[in-house]
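Undergrad: Before anything else, here's the structure in question.
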Amino acid sequence: MKQENWPQSKLETIGAGPAGISAARRMAGSCLDWLPIVLAMGLVWRRRWWRFFIGGINRPLIFLAIFAWNLGDPAATATDSYLGFLAPGMVVMAAVSAGYSDLVNWFTLRRTYFRVLDEYLLAPISNASLLIGQVLGAAAKGFVLALLVFLAAHFFVHGFFMPPLFFVQLFVVCLTFACLAVAVAMVAGGDKDTLMFTSLIVFPMTFFCGTFFPVEQLPGPLASLSWGLPLTASVYNLRALALTGAGHLGWFLQSLGWLIALYLLAYFLLKLRRED
Amino acid sequence: MAERREVNSSSPGRFVEGMGVSATSGGDGVAPGPLHYTQTGGLAKVAFFPPSWYPIIWEEMIYWRSKFWLYLATYMLSPLIFLLSFGFGAGQRLQMLMPGGMSYLDFLVPGVVALALFNSGVTSVMVRMFYKRLHFKSFDAYRLAPVGELSLCLGYALTGAIRGLLAGLIVLVLVFLLMPTLSLNCAFFLAMLLASLCFGALGVLIGLWLRSFDDQSLVNEFILVPMTFLSGTLIPVERLPVFLQHLVWLSPLTPATQLLRSTLTTAWADTGQAVLVGGWALALFLLGYWRLKKM
């Protein structure tokens, strides 16, 4: 059923006419193969956006509020207060939790509960399109929620810079973790595995990669370990961008490198999985 | 199934007849004639050895045995994260002072213990009941078993309490590793016990009330998460905005946290809070029982 509908809906979305599909259009079509997946995610999102909103931003916002109330300084400015330090960390936390967790949940639910994951994997589109669709859909969600947290942070502190590179870096973080989510979902044998990976690796990562406190405060080996994780460089770069307006090219390249590495990993695992 | 067979082989006659008793009476204290066990009254059926709620706990223990390391790691992790990132990372850098002049770390320790009790107590029972009812659809097997509703409720609440207590004890061990000077007293452990019973009962109530996966995420994100962090665990109630100060007293976690904190700072427990937690426990348990009877 689904597979028969799939190309049709794809043509509709790119506006192909009823007759005479030209070669050029077919090419354009295969370039936009990923669009239906994003749209499908968007449909789900439209129906229950408030649920995703609350689920994605409640933790970062509560942490931010707790520190704001605990410190009790209404005139805090971003550059010289702890809240200014914390806010970019919370933005990243929202991005990761929305981008990563939503996608992992999406895969897990479709595999174990609705049992339709294979239908998605059998869709007549290329590996790259499938991957790009999933990753873009999830990353867009993460990006929106992270921006919401950033806006909410202005409520507690003011004086943030918003250079364009900030948003680029934020989107890179979202993409990176969406790729990680696909990779995990492709490897994991069951719910338990993904749950374990999430709660033992990804969840601690959102706390210890410089989000709450500088990683230099961690004991020696842990600090260098933290720099070896995909999140730390991005958090530092985001913070520099938000607090001073100028980024750090090395950090940006590092997070870009992580994105490429994880994208390739996810692509490879997806390919393996589809060949089964 | 497996545990029931094991129970039968260890004490065959008594257990089977014990189950028979609650079957004929429906578990709510109406004594049927023929079996001589019932002559001691309603309480004997619940407190019978092995009591009819025991298999539920046994089942939990079997889970525990097979997943011991996973549980240990997950229970250790999130309190450790809160202690490190709030207490040692940010809290120490900022030297935040709490009402009453204690340091933020001293303030945080009972809060994190309460958080662990609450999280693992409520979530474990809730998720387990919910999966049994809606995903595996095996909850009816419990209802068909000759076990009364009271025993069922009690068994589940106790599993939650045990999980909560274990998580709380793990946190205490961690706290001792990080700050060896902490002094504990008997009242603290009693308070932990009372609070974990309360949270187990809350878990049963929520687990019985959920209707779908959506409900679960709804309850989790809208109610449990804000409740966990705002009920005096990471921030003193006095520092919340005014409307929240009143609102958080609607959650059973608030008096539980205050109770745990009072046992650590003073030698003896705050009686008012203890009564409040006990009242919550009783009310939640009775509500859960009522809900199960209605089902």
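The values are calculated or read from the model by the stated rules, or taken from the named source; none is laboratory data. Small disclaimer: the values here were computed from a predicted structure and weren't measured. Virtual Cβ from ideal backbone geometry, glycine too; neighbours counted across all protein chains shown.
Undergrad: So, in segment A:126-161, of the ones that are in a helix (DSSP H, G or I) and touching a Ser or Thr at 6+ places or on another chain (Cβ under 9 Å), which residue ends up nearest to A:I66 (Cα to Cα)?
TA: Looking at the filtered set, the residue picked out is A:L145.
Undergrad: Of the numbered conditions (1) within 23 Å of A:L262 (Cβ to Cβ); (2) buried (at least 20 other Cβ atoms within 10 Å of the Cβ); (3) over 16 Å from the mean Cα position of the chain (by Cα), A:S234 fails exactly one; give the number of that condition.
TA: (3)
Undergrad: Which pairs have Cβ atoms under 8 Å, sit 6 or more apart or on different chains, and link a residue in segment A:201-219 that is more than 19 Å from A:S81 (Cα to Cα) and more than 10 Å from chain B (Cβ to nearest Cβ) to one that is surrounded by fewer than 22 Cβ atoms within 10 Å (Cβ to Cβ) and among the hydrophobic types (A, V, I, L, M, F, W, C)?
TA: Going by the 8 Å Cβ cut-off, the qualifying pairs are A:M205/A:L229; A:C209/A:V215; A:C209/A:L229.
Undergrad: Do any helices (runs of 4 or more DSSP H) entirely within segment B:193-295 hold 2 or more residues that are polar (S, T, N, Q), and if so, which?
TA: Because the criterion is at least 2 residues that are polar (S, T, N, Q), the helices (runs of 4 or more DSSP H) in segment B:193-295 that meet it are B:213-218, B:253-265, B:271-294.
Undergrad: Which of (1) surrounded by 17 or more Cβ atoms within 10 Å (Cβ to Cβ); (2) assigned to a helix (DSSP H, G or I); (3) of a type in the set (A, V, I, L, M) does A:A123 not meet, given it meets every other one?
TA: Among (1) surrounded by 17 or more Cβ atoms within 10 Å (Cβ to Cβ); (2) assigned to a helix (DSSP H, G or I); (3) of a type in the set (A, V, I, L, M), A:A123 violates only (2).
Undergrad: Among the residues of segment A:148-161, is there at least one that is at pLDDT 90 or above, under 16 Å from the mean Cα position of the chain (by Cα), of a type outside the set (G, A, S) and surrounded by fewer than 17 Cβ atoms within 10 Å (Cβ to Cβ)?
TA: Looking for residues that are at pLDDT 90 or above, under 16 Å from the mean Cα position of the chain (by Cα), of a type outside the set (G, A, S) and surrounded by fewer than 17 Cβ atoms within 10 Å (Cβ to Cβ), one finds none in segment A:148-161, hence no.
Undergrad: Of everything in segment A:34-63, what is surrounded by fewer than 20 Cβ atoms within 10 Å (Cβ to Cβ) and within 13 Å of another protein chain (Cβ to nearest Cβ)? Give them in sequence order.
TA: Result: A:V44, A:R47, A:R48, A:W50, A:R51, A:F52, A:F53, A:I54, A:N58, A:I62.
Undergrad: Right, something else. Filter segment B:226-282 down to the residues that are closer than 22 Å to B:L205 by Cα and of a type in the set (G, A, S) and list them by number.
TA: B:S231, B:S251, B:A256, B:A274, B:G278, B:G279, B:A281 - these are the residues of segment B:226-282 that are closer than 22 Å to B:L205 by Cα and of a type in the set (G, A, S).
Undergrad: Give segment B:213-238 a look and list any residue that's facing chain A (nearest Cβ under 8 Å), surrounded by fewer than 18 Cβ atoms within 10 Å (Cβ to Cβ) and among the charged types (D, E, K, R), or say none.
TA: B:D214
Undergrad: Determine whether A:I66 is surrounded by 14 or more Cβ atoms within 10 Å (Cβ to Cβ), at pLDDT 75 or above and under 27 Å from A:C174 (Cβ atoms).
TA: Judged against the criteria, A:I66 is a match.
Undergrad: Among the residues of segment B:129-153, how many are in contact with a helix residue (DSSP H, G or I) (Cβ under 7 Å, 6 or more places away or on another chain) and not aromatic (F, W, Y)?
TA: The qualifying residues number 12.
Undergrad: Of the residues A:L121, A:L131, only one is touching a residue at least 24 places away in the same chain (Cβ under 8 Å), more than 19 Å from the chain's Cα centre (by Cα) and closer than 21 Å to A:F177 by Cα; which?
TA: One residue alone meets the criteria, A:L121.
Undergrad: Given the structure, is B:L284 surrounded by 15 or more Cβ atoms within 10 Å (Cβ to Cβ), farther than 30 Å from A:W49 by Cα and away from every other protein chain (no Cβ under 14 Å)?
TA: In short, yes.
For every residue, the table says whether it meets (1) of a type outside the set (A, V, I, L, M, F, W, C); (2) under 24 Å from B:L218 (Cβ atoms); (3) crowded, with 22+ Cβ neighbours inside 10 Å.
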position: B:L154; (1), (2), (3): no, no, yes
position: B:G164; (1), (2), (3): yes, yes, yes
position: B:V171; (1), (2), (3): no, no, yes
position: B:L177; (1), (2), (3): no, no, no
position: B:L182; (1), (2), (3): no, no, no
position: B:C186; (1), (2), (3): no, no, no
position: B:F189; (1), (2), (3): no, no, no
position: B:L197; (1), (2), (3): no, no, yes
position: B:G200; (1), (2), (3): yes, yes, yes
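Undergrad: Filter segment B:50-65 down to residues that are of a type in the set (F, W, Y) and outside any helix (DSSP H, G or I), then give me how many there are.
TA: 1
Undergrad: Name the helices (runs of 4 or more DSSP H) wholly inside segment A:195-249 in which the number of residues that are among the polar types (S, T, N, Q) and over 22 Å from A:V184 (Cα atoms) is 2 or more.
TA: Fully inside segment A:195-249 and qualifying: A:230-244.
Undergrad: For the list (1) surrounded by fewer than 20 Cβ atoms within 10 Å (Cβ to Cβ); (2) of a type outside the set (S, T, N, Q); (3) modelled with pLDDT under 90; (4) part of a helix (DSSP H, G or I), I need the number of the one condition that A:I260 fails.
TA: (3) is the only condition that A:I260 fails.
Undergrad: Then there is this: With respect to A:D118, determine if the residue is surrounded by fewer than 17 Cβ atoms within 10 Å (Cβ to Cβ), in the same structural domain as A:F212 (by TED's automatic domain parsing) and either at pLDDT 75 or above or touching a strand residue (DSSP E or B) at 6+ places or on another chain (Cβ under 8 Å) (or both).
TA: Answer is yes for this residue.
Undergrad: Sticking with this structure for a sec: Scan segment B:163-181 and report the pairs whose first residue is on the phi > 0 side of the Ramachandran plot and without any contact (Cβ under 8 Å) to a residue 12 or more places away in the chain and whose second residue is of a type in the set (K, R) and crowded, with 20+ Cβ neighbours inside 10 Å, with Cβ atoms within less than 9 Å and a gap of 6+ or a chain change.
TA: none
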